[in-house]
Amino acid sequence: MPEPILKKCFNCRIFLPDDAVNTSQCQKCQKNEAKYGVPGTCQYCKLNAAFHDQKCVWCSHAERKYGTPFSCQSCKLQCGFAKKESEKYEGAPLLCRLCILQARHTGQTSVAGIPIPPEKPEKNGDGSSAEQKAEKEREKERHRSSRHHKDKDHRRDDKRHREHREHRSGHKRRHEESNNNGTSSSSSGVPPLTINNENGHGFPPFGERDHGENMEKQHRMEDEIRRLKAAISEKDQLLFDKDKQISNLKADQYNLEKKHRERVQQLIKEKEDSIRAIEHMRSSKSSKKN
């Protein structure tokens, strides 16, 4: 089965299912883009997933449900939503959605000293979650593959046992024939035929050689799988670090633009105040002359 182009959605950064081939978006972002157009940057989490009102779907929903967000203790972005009233203050032990997803993916139990909450998958229309369905499909596929390998190993073991019994019975018959002809062989001075092992050819049975080669190949494949998993984990961590760096840069840019706008507005106000003061001075001088 071909691998997906990306492990995460290009917009909302949620993990894509294994069957999402030739696409870089999750189904939710595809539907939103078809409905609202190309997304902008979310003013809270800085993801390129703001399809409406300069907010992504998750931040917009969380803001309606929990109120204004606070700083995330991991990425320092203003996208940590407090679910409890006791946590609604700046500096509260909060984590944003992206940091929680990444921690769950890497198997972390806490980030910045804050425990990771248990996963509660979102429900779709039929009451089940897409992640649960994907996990069930993967479990079924693993079960079918394991059952196929077990059946194959069982057939190979049966074949090896049959060959082993046949070799033993053949060896027994040859041994009885050699005992019956022992007197004639000893009288003629011809030494009896020495059989090296059970199949009489000096080699182990074919089934045993095949089993050993398969075990060696299996070990090599398991080592290669572990190596590839480690490489994928490192690349995922590298991508997450780059995403965090990009988000921080976007946050800095947003803050600089905000400060610049505030400064421009302040200068405009000072200019207007100065103009009004000059006009007031002129009017007062003209009234004194009159």
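At a glance:
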| item | result |
| --- | --- |
| Qualifying residue in segment 114-127 (condition: of a type in the set (Asp, Glu) and either at pLDDT 85 or above or over 18 Å from the mean Cα position of the chain (by Cα) (or both)) | yes |
| Ala50 vs. criteria among the small types (Gly, Ala, Ser), under 22 Å from Phe240 (Cβ atoms) and assigned by TED's automatic domain parsing to the domain that holds Ala112 | yes |
| Hits in segment 238-290 - residues which are over 30 Å from Cys96 (Cα atoms) and either in contact with a Cys (Cβ under 6 Å, 6 or more places away or on another chain) or among the basic types (Lys, Arg) (or both) | Arg263, Lys269, Lys271, Arg276, Arg282, Lys285, Lys288, Lys289 |
| Qualifying residue in segment 88-98 (condition: among the acidic types (Asp, Glu) and either in a helix (DSSP H, G or I) or touching a helix residue (DSSP H, G or I) at 6+ places or on another chain (Cβ under 6 Å) (or both)) | no |
| Segment 13-63, residues that are surrounded by fewer than 17 Cβ atoms within 10 Å (Cβ to Cβ) and touching a Pro at 6+ places or on another chain (Cβ under 6 Å) | Val21 |
| Checklist (1) of a type in the set (Val, Ile, Thr); (2) within 18 Å of Ala251 (Cβ to Cβ); (3) loosely packed, with under 15 Cβ neighbours inside 10 Å; (4) touching a strand residue (DSSP E or B) at 6+ places or on another chain (Cβ under 9 Å) applied to Thr68, failing item | (4) |
| Residue check, Asp210 outside the structural domain of Glu166 (by TED's automatic domain parsing) and either at pLDDT below 90 or more than 19 Å from Asn48 (Cα to Cα) (or both) | no |
| Conditions (1) out of contact with any strand residue (DSSP E or B) (no Cβ under 8 Å at 6 or more places or on another chain); (2) at pLDDT 85 or above; (3) buried (at least 16 other Cβ atoms within 10 Å of the Cβ): number failed by Phe10 | (2) |
| Options Leu239, Leu267, Leu256: the member that is within 16 Å of the chain's Cα centre (by Cα) and among the aliphatic types (A, V, I, L, M) | Leu239 |
| Any hit, segment 247-264, residues being touching a strand residue (DSSP E or B) at 6+ places or on another chain (Cβ under 9 Å), part of a helix (DSSP H, G or I), modelled with pLDDT under 90 and surrounded by 10 or more Cβ atoms within 10 Å (Cβ to Cβ) | no |
| First in segment 27-53 and within 22 Å of Gly80 (Cα to Cα) and touching a residue at least 40 places away in the same chain (Cβ under 8 Å), second anywhere and aliphatic (A, V, I, L, M) and not in a helix (DSSP H, G or I), Cβ under 8 Å, 6 or more apart | Thr41/Leu47; Thr41/Ala50; Gln43/Ala50; Cys45/Leu77; Lys46/Leu77 |
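The values are calculated or read from the model by the stated rules, or taken from the named source; none is laboratory data. The shown structure was predicted, so the numbers you read here are calculated from the model rather than taken from an experiment. A quick note on method: Cβ atoms are made from the backbone with ideal geometry, for glycine too, and the neighbour counts reach across all protein chains shown.
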